[in-house]
Amino acid sequence: MIVTIVQRFGIIAAIGAVAACASAGGRAERSKCPLSNRDSTYLARGPVYRDCAVNEKARVTTTNARVDFQPLTSDHGCFTAEVEFVVDTLGVPEQGTQRLVRATTPAFGEAVLAIVPALRYEPARRAGVRVRQIVSERRTAMVGTVVVAKGSAPPPTTRGASQRAPTC
């Protein structure tokens, strides 16, 4: 009885191994950096790659895209949002591909999504050819209150040796 169970398990394992090898034929590199199920919507416009599957990652070239975020008066602290979208072979985010991955507040997430169309990139390359790449952008903002004595000026905005940049 034990031999029968072991033999059946061995046959099932062998069939599984053969099927896995057959389905991976010619796609060894893709298996190292697979697309997820949620990435399937990006494939409608053609092949697309994650940053781990390209030789040269898409690199942001826009320096003036600012997040327009006005927190509620009671909101203080750190705000973070991560968005994901496809950058095409010209370095432009493809319309309709941006999605919010995570955000500390919905309002900050929407503000970060709003800057995506203004971003520009040096396109990704794979084997020397420009390719579409799924890009992830993360933005952070910190909101705080500075208390000063009545009639006093706020502290200077330049950071001295004793001040450190805020971290979130």
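Every number here is computed from the coordinates shown, using simple stated rules; none is lab data. From a predicted model like this one, the values you see are computed outputs, not experimental measurements. A quick note on method: Cβ atoms are made from the backbone with ideal geometry, for glycine too, and the neighbour counts reach across all protein chains shown.
Tabulated results
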item	result
Rounded to whole Hz, the Karplus (6.51, -1.76, 1.60) HN-Hα couplings of the range 135-140, x for glycine and proline	10, 10, 10, 10, 10, 9
Spin-label proximity, Val67 to the range 125-150 - amide N less than 15 Å from point 7 Å beyond Cα toward beta carbon	136-144
For Val101, distant residues with modelled amide H under 5 Å away	Glu82, Val83, Glu84
